[in-house]
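A.B. asks: Please find one structure pasted underneath; my questions will follow.
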Amino acid sequence: MAVGIDDLSLYVPRLYVDAEDFANARGIDAAKLQRGLGIEQMAIVDANQDPACLAANACLQVMQKNKLSPEDIGRLYVATESALDESKAMNSYVIGMLEQVYGSGSFQHCGGIECKFACVSGSYALYDNSNWIRAGESEGKHALVVVSDIAKYDLGSSGEVTQGAGAVAMLLNDSPRLLEFDPKVTSTSIKNEYDFYRPFGKETPIVHGQYSNMLYLIQVKNALVDYERKAVATNLIKPKDGETILDYIDYINMHLPYSNMGKKALAYLVRHEWRKTPRWTKIIQSVGMDEPVPKDPRGTIESVLADTEFMQKDAEFTKRFAKTEEYQDVYESKVASSLLASRMIGNLYTASLYLGFRSTLEFEFQKGVDLEGKRFGFASYGSGSSAMVFSGVIMPEYKEAVKDMNIEVELGQRKKLSLDEYEQIHENKLTPDQPLLNAQKEFILVDIGTKPESRGERRYRFAE
Ligand code: COA
């Protein structure tokens, strides 16, 4: 049975911090953010927004755009790592908000949970909901999977440059207009790790950034190897001699904690795949140096990171490799468009991968590329840690969903924050009744209960 994404909507808060202002304030070279990490602006939530509001706004948009009523939605899952409560699931808040528009009790039939596994949980939520549809339980209804997060790091930390906020709501059904998932190839890799985590009660994560970067690459590569095995075993893809699985994937969307992580991950995966093909001899000639090997090739991530000679040589190899015509071709044709939105918005944790997907659709469509029948690969990563690799094919009716996508229009009139305003919001100095913007036609947080019997109760309203 066909199952896939019928449409998707993006909601991004309108406040942002500019990379150059940020770099100046922190005494960092702005080029590190703009060229080194690929960051121009980071979206920041207003004082009256939280991840549940972002999620509800994205859901409302996708429902209104497709003229759906609550009876058309059978499941509503929220995937997030910005949980508001240890027990109460974020989809319940979202349903509460949507019922303010659609009527009390209108979502009573609609099951769902909040899913957590750092940035990868949205992909697990898509997979599980696809199987709900495949199992024949949906009775013609859609599943609504919304990925929503506020990426927030400590002031002055190395992760502070990789913040952002937003949500993507995706409608799944058995006759998708946008993308049909490839069956029986979804692959995962999992390992107990502490690359990035947020203990109970702590608002910002504890991060080992370089460790996390490397773990991401290894986990995604492991999942890709398994994807390749399944794709060949099921005859989905039949690489000929000298070809690799990546030759059969037209677009690759990566998890993007920052835009340039997509380039880094592509280079790593392509090197892994091409190394075993005859084309590698020519590539090595163009690169002009042998591929470096760590002193202890079977060592730990720590031992590899501590091997400074290898790390420097590997960075040099990657730099030269990225300049080869062969890599440039793959980068420009398969990945470049997915990185554009991330530059303008920043890190959305669970939603980053799907912001990249949305970015590819919009910017390739604007270029006039016919996407029908193109295979999209998804490389999802969540710290802690797990990766998921899966794919899907663009449907003939995709233009109906894509033709009106315009990130700049959807972002609307954005307000650039001064560093002072940004730090006030970051340090939670403003209460929900002190927003910096006037909300219009969107859900906002009104207040959070403080009395013992109602501590943590959140009240929301739809601002007309
Ligand atoms: N001009 C241009 N580029 C510059 C530069 C400058 N002045 N200074 C540094 N750069 C480049 C570096 O060469 C590097 O590029 P490369 O990755 O291609 O080698 C890039 O900018 C980042 O520099 P780096 O020294 O690695 O930055 P950092 O030590 O501050 O750490 C992160 C970067 C991403 C690890 C850090 O921001 C972080 O911890 N983020 C949160 C965790 C995260 O995102 N994890 C990812 C997995 S989910």
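A.B. asks: Which members of the stretch 261-294 meet the condition of being among the hydroxyl-bearing types (Ser, Thr, Tyr), more than 16 Å from the ligand (Cβ to nearest atom) and open to solvent by 40 Å² or more (accessible area, probe 1.4 Å)?
C.D. replies: Residues of the stretch 261-294 among the hydroxyl-bearing types (Ser, Thr, Tyr): 268, 277, 281, 286.
Those still in the list that are more than 16 Å from the ligand (Cβ to nearest atom) too: 277, 281, 286.
Residues satisfying the conditions are Thr281, Ser286.
A.B. asks: Got a sec? Which of Leu371, Leu445, Leu437 is open to solvent by 30 Å² or more (accessible area, probe 1.4 Å) and not in a helix (DSSP H, G or I)?
C.D. replies: Numbers: Leu371 fails: open to solvent by 30 Å² or more (accessible area, probe 1.4 Å); Leu445 fails: open to solvent by 30 Å² or more (accessible area, probe 1.4 Å).
Just a single option satisfies the conditions, and that option is Leu437.
A.B. asks: Tell me, yes or no, whether the stretch 416-428 has at least one residue that is of a type outside the set (S, T, N, Q), modelled with pLDDT under 95 and within 16 Å of Cys53 (Cβ to Cβ). Even if it seems obvious, please write down each step before you answer.
C.D. replies: At the first step, the residues of the stretch 416-428 found to be of a type outside the set (S, T, N, Q) are 416-417, 419-423, 425-427.
Now narrow it down to the ones that are modelled with pLDDT under 95: none.
Looking through the stretch 416-428, none of the residues is of a type outside the set (S, T, N, Q), modelled with pLDDT under 95 and within 16 Å of Cys53 (Cβ to Cβ).
A.B. asks: Looking only at the stretch 139-148, decide whether some residue is open to solvent by 10 Å² or more (accessible area, probe 1.4 Å) and within 16 Å of the ligand (Cβ to nearest atom).
C.D. replies: No: zero hits.
A.B. asks: Which residue is nearest to the ligand (Cβ to nearest atom), if the candidates are limited to the stretch 18-29 and must be buried (at least 17 other Cβ atoms within 10 Å of the Cβ) and not acidic (Asp, Glu)?
C.D. replies: The extreme case among them is Ala23.
A.B. asks: Does at least one position in the stretch 249-260 carry a residue that is β-branched (Val, Ile, Thr), assigned to a loop (DSSP other than H, G, I, E, B) and either surrounded by fewer than 19 Cβ atoms within 10 Å (Cβ to Cβ) or more than 16 Å from the ligand (Cβ to nearest atom) (or both)?
C.D. replies: Yes, that holds for at least one residue.
A.B. asks: Which count do you get for residues in the stretch 339-356 that are more than 8 Å from the chain's Cα centre (by Cα), assigned to a helix (DSSP H, G or I) and crowded, with 24+ Cβ neighbours inside 10 Å?
C.D. replies: Counting residues in the stretch 339-356 that are more than 8 Å from the chain's Cα centre (by Cα), assigned to a helix (DSSP H, G or I) and crowded, with 24+ Cβ neighbours inside 10 Å gives 4.
A.B. asks: Residue check: is Val225 touching a Lys or Arg at 6+ places or on another chain (Cβ under 8 Å), more than 30 Å from Glu137 (Cβ to Cβ), assigned to a helix (DSSP H, G or I) and open to solvent by 30 Å² or more (accessible area, probe 1.4 Å)? Break it down into steps so the answer makes sense when it comes.
C.D. replies: Working: touching a Lys or Arg at 6+ places or on another chain (Cβ under 8 Å): no; more than 30 Å from Glu137 (Cβ to Cβ): yes; assigned to a helix (DSSP H, G or I): yes; open to solvent by 30 Å² or more (accessible area, probe 1.4 Å): yes.
Spelling it out, it is not the case that Val225 is touching a Lys or Arg at 6+ places or on another chain (Cβ under 8 Å), more than 30 Å from Glu137 (Cβ to Cβ), assigned to a helix (DSSP H, G or I) and open to solvent by 30 Å² or more (accessible area, probe 1.4 Å).
A.B. asks: Counting just the residues of the stretch 448-461 that are more than 16 Å from Pro51 (Cα to Cα) and not basic (Lys, Arg), which one comes out most open to solvent (accessible area, probe 1.4 Å)? Let's see the steps before the verdict.
C.D. replies: Let us first name the residues in the stretch 448-461 that are more than 16 Å from Pro51 (Cα to Cα), namely 449-455.
From what's left, not basic (Lys, Arg): 449-450, 452-454.
Working: Gly449: 20, Thr450: 121, Pro452: 123, Glu453: 140, Ser454: 28 Å².
Result: Glu453.
A.B. asks: If you take the residues of the stretch 308-329 that are open to solvent by 60 Å² or more (accessible area, probe 1.4 Å) and among the acidic types (Asp, Glu), which of them is nearest to the chain's Cα centre (by Cα)?
C.D. replies: Asp329
A.B. asks: OK, next. Using the structure shown, decide if Gln34 is within 26 Å of Ala265 (Cβ to Cβ) and open to solvent by 20 Å² or more (accessible area, probe 1.4 Å).
C.D. replies: So Gln34 passes the test.
A.B. asks: Also, I was wondering about something else. Does any residue in the stretch 289-300 that is more than 15 Å from Ala315 (Cβ to Cβ) and assigned to a loop (DSSP other than H, G, I, E, B) come within less than 6 Å, Cβ to Cβ, of a residue that is open to solvent by less than 80 Å² (accessible area, probe 1.4 Å) and not β-branched (Val, Ile, Thr) six or more places away or on a different chain, and which pairs are these?
C.D. replies: Pairs found: Lys295/Asp307; Asp296/Ser303.
A.B. asks: Still on this model: Do we have any residue at all in the stretch 198-217 that's within 16 Å of the ligand (Cβ to nearest atom), open to solvent by 50 Å² or more (accessible area, probe 1.4 Å) and assigned to a helix (DSSP H, G or I)? Walk me through how you get there before you give the answer.
C.D. replies: Residues of the stretch 198-217 that are within 16 Å of the ligand (Cβ to nearest atom), as a first pass: 198, 202-217.
Now drop any that are not open to solvent by 50 Å² or more (accessible area, probe 1.4 Å), which leaves 198, 202-203, 206-208, 210.
Those still in the list that are assigned to a helix (DSSP H, G or I) too: 210.
Checked against the condition, which is being within 16 Å of the ligand (Cβ to nearest atom), open to solvent by 50 Å² or more (accessible area, probe 1.4 Å) and assigned to a helix (DSSP H, G or I), the stretch 198-217 yields at least one hit.
A.B. asks: Could you list, ordered by first residue, the pairs with Cβ atoms under 6 Å in which the first is in the stretch 397-423 and aliphatic (A, V, I, L, M) and the second is open to solvent by less than 100 Å² (accessible area, probe 1.4 Å) and not in a helix (DSSP H, G or I), at least 6 apart or interchain?
C.D. replies: Pairs found: Ala401/Asp7; Ala401/Arg177; Ala401/Leu178; Leu411/Val12; Leu417/Leu15; Leu417/Val17.
A.B. asks: Pairs only if they're at least six apart or on different chains, beta carbon under 8 angstrom, first in the stretch 206-229 and among the small types (Gly, Ala, Ser), second more than 8 Å from the ligand (Cβ to nearest atom) and open to solvent by 40 Å² or more (accessible area, probe 1.4 Å); list them, first residue then second.
C.D. replies: Partner pairs satisfying both residue conditions: Ala223/Thr188.
A.B. asks: Would you pick out the residues in the stretch 6-42 that are hydroxyl-bearing (Ser, Thr, Tyr) and in a loop (DSSP other than H, G, I, E, B)? Full working, then the answer.
C.D. replies: Restricting attention to the stretch 6-42, the residues satisfying the condition of being hydroxyl-bearing (Ser, Thr, Tyr) are 9, 11, 16.
None - no residue of the stretch 6-42 is hydroxyl-bearing (Ser, Thr, Tyr) and in a loop (DSSP other than H, G, I, E, B), so the list stays empty.
A.B. asks: Another question, if that's okay. Out of the stretch 60-79, which residues are surrounded by 19 or more Cβ atoms within 10 Å (Cβ to Cβ) and over 20 Å from Phe462 (Cα atoms)?
C.D. replies: Hits for the stretch 60-79 are Ile73, Gly74, Arg75, Tyr77, Ala79.
The values are calculated or read from the model by the stated rules, or taken from the named source; none is laboratory data. Just so it is clear, the structure is predicted and the values come from calculations on it, not from any experiment. Cβ sites come from the backbone with ideal geometry, for glycine too, and all protein chains shown count toward neighbours. Side chains are part of the model used for accessible areas, which takes the heavy atoms of the whole protein and leaves out ligands, DNA and RNA. Shrake-Rupley method; radii C 1.70, N 1.55, O 1.52, S 1.80 Å.
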